[in-house]
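> Below is a structure I'd like to ask you about.
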Amino acid sequence: MANTCQSCESCEAGLENYCSKIVFTYNSRDRDGTVTCGGYSDMVVVNQHFVIRFPDGMPLDRGAPLLCAGITVYTPMKYHGLNEPGKRIGVIGLGGLGHVAVKFAKAFGMRVTVISTSPEKREEAMEKLGADDFVVSSDAGQMKAAKGTMHGIINTASASMSMYPYLALLKPQGKMILLGLPEKPLQISAFSLVAGGKTLAGSCMGSIKDTQEMMDFAAKHELTADVEVVGADDVNDALERLAKGEVRYRFVIDISNTLATA
């Protein structure tokens, strides 16, 4: 976000990300009428309240996605108690959000299970990202074995799905936090929530205070996103590859070295 009203209840509570007049860093109209262009810009001007200090030593290319994916997964972990060492957490989806969620959860000292529709991601999840367990969601046996084992689940999937088999993975009073944005309505059984006293919640980005806290935490733990750097003239190809899921796991545009030649 590049601006908010800074006077509503959410802003005054330090929760600018829930301001009804939020100005996003891209494709939003700021208060002076200008349209924000985010990562496609060669420079950005924002109110000083919305400036984040980039930690010394953190690579710009691998650190930049933390300002989006990083804070999006860090915030619900912090506010829903899913940052306590020894607790078990599930991560649905191993993409731009999911791979960062695994890294933060491990940095918090949690036991992490990746839940994916893609069996071929097992090696990457466990050997490269450090997940402790891997469950193929289409495998009834694996899902049954994992039933009732997790204190919380970070759901990064954008596909419409039945929530019942995933909510069954939670312990009593467990929490599932939605971060993905499916186009179609979710399929939810009220009984799957009520019977176990479970919580289904959503979360959107994070506050400026939490974003700075997240960046400092990431720097301390040498935590960054896995990225592929592209030039400004490669953006259209990158978007096509993104739609096909052909990126591990975030594209970063090298504006300073390529925008002038695009």
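The values are calculated or read from the model by the stated rules, or taken from the named source; none is laboratory data. Values in this document were obtained by computation on a predicted structure and should not be read as measured data. Every residue, glycine as well, gets a Cβ built from its backbone with ideal geometry; the counts of neighbours run over all protein chains shown. Note: accessible area is taken over every heavy atom of the protein model, side chains too, but ligands, DNA and RNA are not part of it. Shrake-Rupley method; radii C 1.70, N 1.55, O 1.52, S 1.80 Å.
> Stokes-Einstein D for region 148-224 at 20 °C, 1.002 mPa s, Kirkwood Rh over Cα pairs, in µm²/s? Walk me through the numbers before you get to the answer.
Numbers: Rh = 14.0 Å.
For the chosen part, D equals 153 µm²/s.
> Who wins for biggest fluctuation among Ile188, Ile115, Ile208 in a Gaussian network model of the chain, springs between alpha carbons below 10 Å?
Ile188
> Now for a separate question. Tell me the relative contact order for the chain as a rounded percent, counting alpha carbon contacts under 8 Å between residues six or more apart.
It rounds to 19 percent for the chain.
> Right, here's the next one. When averaged across all projection directions, what area in nm² does the alpha-carbon convex hull of region 1-64 cover?
Values: hull surface 20.4 nm².
For region 1-64, the mean projected area of the Cα convex hull comes to 5.1 nm².
> A follow-up question, please. Nearest 10 degrees, 0 to 90: what angle lies between the long axis of helix 208-220 and the longest principal axis of the chain (Cα atoms)?
80
> While we're looking at this one, here's another question. Cα centroid distance between region 152-224 and region 86-138, in Å?
14
> Run the simple label-point estimate for Ile255 and Ser28 please: 7 Å along Cα→C-beta, distance reported in nm.
If labels sit at Ile255 and Ser28, their model points lie 1.6 nm apart.
> State the extension gain, in nm to one decimal, for the chain segment bounded by Glu246 and Tyr40, taking 0.36 nm per residue of separation less the distance between their alpha-carbons.
That works out to 72.1 nm of additional length.
> Report the Stokes-Einstein translational diffusion coefficient (µm² s⁻¹, integer) for the chain, Rh taken as the Kirkwood radius over Cα pairs, at 4 °C with viscosity 1.567 mPa s.
Result for D is 66 µm²/s.
> For Thr25, list long-range residues whose amide hydrogen, built 1.01 Å from N in the peptide plane, is under 5 Å from its own amide hydrogen.
Ala2
> Please list, by residue number, every one of the GluC sites (Glu not before Pro) in region 219-252 that is coil in DSSP and has at most 16 other beta-carbon atoms within 10 Å.
Glu222, Glu246
> What is the percent carbon and sulfur in the accessible area of the chain, measuring with a 1.4 Å probe over the protein chains and ignoring ligands?
Within the chain, the accessible surface is 52 percent carbon and sulfur.
> Let me ask something else about it. Calculated FRET efficiency, Ala201 and Leu181, Cβ-Cβ r, R0 22 Å, to nearest 0.05?
That pair, Ala201 with Leu181, gives E of 0.95.
> Check the straight Cα-Cα distances from Lys21 and name the lysines below 24 Å, setting aside those fewer than 8 residues away within the same chain.
Filter leaves Lys209.
> Cα axis of helix 98-107 to longest principal axis of the chain: angle in degrees, 0 to 90, nearest 10?
It is inclined by approximately 80 degrees.
> Right, next: Past the 26 Å Cα-Cα mark, which pairs from Lys78/Lys244; Lys121/Lys198; Lys87/Lys184; Lys121/Lys220; Lys184/Lys244?
Among Lys78/Lys244; Lys121/Lys198; Lys87/Lys184; Lys121/Lys220; Lys184/Lys244, the Cα-Cα distance tops 26 Å for Lys78/Lys244; Lys121/Lys198; Lys87/Lys184; Lys121/Lys220.
> Using +1 on the beta carbon of Lys and Arg, -1 on that of Asp and Glu, and nothing else charged, what's the dipole of the chain about the Cα centre, debye to 20?
1200
> Among the DSSP beta bridges whose two residues both lie in the chain, what percent are antiparallel, rounded to the nearest 5?
So the antiparallel bridges in the chain amount to around 10 percent.
> If you don't mind, there's one more thing I want to ask. Students often check this: by mean Cβ neighbours within 10 Å, which of 94-103, 198-207 ranks highest, and how do the rest follow?
Going from most to least packed, we get 94-103, 198-207.
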